[in-house]
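Let me begin by presenting the structure, written as structure tokens, before commenting on it.
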Ligand SMILES: C[S@@+](CC[C@H](N)C(=O)[O-])C[C@H]1O[C@@H](n2cnc3c(N)ncnc32)[C@H](O)[C@@H]1O
């Protein structure tokens, strides 16, 4: 019994390690990195660090940020996470325009294509929607509460995404499922019409992104999962068009350990509108996979594996700018267990479409000034980088993998269940 | 199960399984992680194993399941419906392992003892219906769904465990075709009102009229066909019913 307690405490500890996140403005006007509770912004037009202005008198952020993203127009930016606050920022003035208090921790966010709604998913699988009327005039809105949009029954939603024309909202979860829901005219009354379910993954889903081409502007959906695959879907019917295995290649050449052939988790995918191409990050893999998608033949294939030599750089989050087609990557974690390191991040950039070359630090847009802002001034040792990558991996599996409890442990969990305690 | 235990778990006189060997905990927690196989998608469910008499060439099943009894308990409703709709495939979904095993044995025994090939159209799966309905049924596949005497979950904080809620109705509306019918009944007044209210405020459902209820042969089975219904009737308890139709809808 004590053993279980210790184990639970360990899980608790792991849960608190959050991966560093990165997001680049659609036209590369700015870049944001989130590490733990820290949101770091660099303005690439002015070539200077940005100081965020948050006049909301809510509690200050202490818990890790779990989701960040720019709206498609590049005017808004949202951040949210374990502190249960969803913050909507102007991506121009970097004023916080609104703070939404969620009842639960937030795991994913999305902004509707026309910037009029923000949706966020909480730890219980409920997706909430907030209307942003008037926010585009730069008005700071009074604190809002979300209305329930839809729900995945008691699952963790790992990704929220609007379809390219804004007709559907997609929600992916820990239970291998992607739900495609019609985004209604009156979202505050709920989104009840399910268009399809995309079913085929055999492990938790971690990330989703749309691929499109000028001929096929509606595009298809790509999803990454803990089952070592990236899959391509037609969201209208929910049919699985193709499956791309990444496990074997991820292990290839690294070492001959049998472990490298085990299942790997796809941690992030990013795409560029109108390019039938995607960059994919894989857990424990020091580099990036480039996938190409034949939208007419409905096939996905790996076109290139870019390895990052030298330091142990395993991207925890990636983002691509549509205008410059540079791929921005971050590797890092919030507070590491057993270390008083405040959390760190290392940023790297690949020019992946044209030459797939990894840019030297001084050639990154913004140069060392940008790196100082996004990485902080702390020197980063290689051992810390590997420890962070491992901590992020462990945290992710304990959060998303189905737990296989022994009979004994299950009994113990039953006895100590919260709802039972309340009745005693 | 060896043949010796088999003999005692089945009644000598009827050949049917005895319920007392399949007793289980009264309630299951639908929130906890599962320990049973979950089909990846409806295409991965091999219904030919459930309905062998409906298998045609190439091991393909000739029909799709159309009725689902959610939280079917000991299976009384399925057994009544089996003979009323002999050409319709129906499945019960039940969370409790032992109860599911009991229903399986019960159906197999009925198939064995039936002289004219009845009960070939009903079967049961063990699953958490609150999480995995989309893994079993395609869009618009079902024409009837049943929720008879579901667990009440009285406490406010446990209301999200109720099998009828606005969010779950979205999923039921997805698997039901337009015109399909959802049947609910309970002996707990508060739950009855809750289920009715959820259905009334959902834009994809409308209530059946009194005439429609009167002419539907299934309605009278709601309070008489299941074990729970019979228990309530024996104790002279009141029942609260809500029967709604899935309507066409544009968001
Ligand atoms: C009170 S019984 C009623 C059984 C049956 N419908 C009857 O009327 O006799 C409720 C049943 O629902 C089952 N159940 C509860 N939650 C469930 C879930 N999430 N998925 C499937 N079955 C569930 C329980 O195990 C129980 O057998």
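The rows are residues; the columns are (1) buried (at least 23 other Cβ atoms within 10 Å of the Cβ); (2) in contact (Cβ under 8 Å) with a residue 40 or more places away in the chain; (3) in the same structural domain as residue A:279 (by the TED database).
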{"site": "A:182", "(1), (2), (3)": "no, no, no"}
{"site": "A:191", "(1), (2), (3)": "yes, yes, no"}
{"site": "A:212", "(1), (2), (3)": "no, yes, yes"}
{"site": "A:215", "(1), (2), (3)": "no, yes, yes"}
{"site": "A:219", "(1), (2), (3)": "no, yes, yes"}
{"site": "A:225", "(1), (2), (3)": "yes, yes, yes"}
{"site": "A:237", "(1), (2), (3)": "no, yes, yes"}
{"site": "A:243", "(1), (2), (3)": "no, yes, yes"}
(message) From the list A:160, A:149, A:141, exactly one residue is in contact with a strand residue (DSSP E or B) (Cβ under 8 Å, 6 or more places away or on another chain), away from every other protein chain (no Cβ under 13 Å) and surrounded by 22 or more Cβ atoms within 10 Å (Cβ to Cβ). Which is it?
(response) A:160
(request) Return yes when residue B:74 is within 13 Å of the ligand (Cβ to nearest atom), outside any helix (DSSP H, G or I) and more than 14 Å from chain A (Cβ to nearest Cβ) and no when it is not. (result) yes
(request) Would you check which residues across the range B:185-227 are within 16 Å of the ligand (Cβ to nearest atom), over 22 Å from residue B:84 (Cβ atoms) and in contact with a strand residue (DSSP E or B) (Cβ under 7 Å, 6 or more places away or on another chain) and list them? (result) B:186, B:189, B:192, B:195
(request) Evaluate the range A:261-272: report whether one residue or more is buried (at least 19 other Cβ atoms within 10 Å of the Cβ), closer than 12 Å to residue A:228 by Cβ, out of contact with any strand residue (DSSP E or B) (no Cβ under 7 Å at 6 or more places or on another chain) and modelled with pLDDT of 90 or more. (result) no
(message) Name the residue that is nearest to the chain's Cα centre (by Cα), counting only residues in the range B:122-160 that are modelled with pLDDT of 95 or more, more than 12 Å from the ligand (Cβ to nearest atom) and in a loop (DSSP other than H, G, I, E, B).
(response) B:137
(request) State the number of residues belonging to the range B:161-170 that are closer than 9 Å to residue B:130 by Cβ, touching a helix residue (DSSP H, G or I) at 6+ places or on another chain (Cβ under 7 Å) and assigned to a helix (DSSP H, G or I). (result) 1
(request) Given the conditions (1) buried (at least 21 other Cβ atoms within 10 Å of the Cβ); (2) within 12 Å of chain A (Cβ to nearest Cβ); (3) touching a helix residue (DSSP H, G or I) at 6+ places or on another chain (Cβ under 7 Å), report the number of the one that residue B:121 does not fulfil. (result) (2)
(request) Please identify the pairs in which a residue from the range B:214-241 that is at negative phi and more than 14 Å from chain A (Cβ to nearest Cβ) has its Cβ atom under 6 Å from the Cβ atom of a residue that is more than 11 Å from the ligand (Cβ to nearest atom) and in a helix (DSSP H, G or I), counting only partners at least 6 apart or on another chain. (result) B:219/B:213; B:221/B:80; B:225/B:80; B:240/B:189; B:240/B:192
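In this structure, is residue B:92 in contact with a strand residue (DSSP E or B) (Cβ under 8 Å, 6 or more places away or on another chain), modelled with pLDDT of 95 or more and within 15 Å of the ligand (Cβ to nearest atom)?
Details: in contact with a strand residue (DSSP E or B) (Cβ under 8 Å, 6 or more places away or on another chain): yes; modelled with pLDDT of 95 or more: yes; within 15 Å of the ligand (Cβ to nearest atom): yes.
Against the criterion (in contact with a strand residue (DSSP E or B) (Cβ under 8 Å, 6 or more places away or on another chain), modelled with pLDDT of 95 or more and within 15 Å of the ligand (Cβ to nearest atom)), residue B:92 qualifies.
The values are calculated or read from the model by the stated rules, or taken from the named source; none is laboratory data. None of the values given here were measured: they were computed from a predicted structure. Don't worry about glycine lacking a Cβ; one is built from the backbone with ideal geometry, like all the others, and counts go over all protein chains shown.
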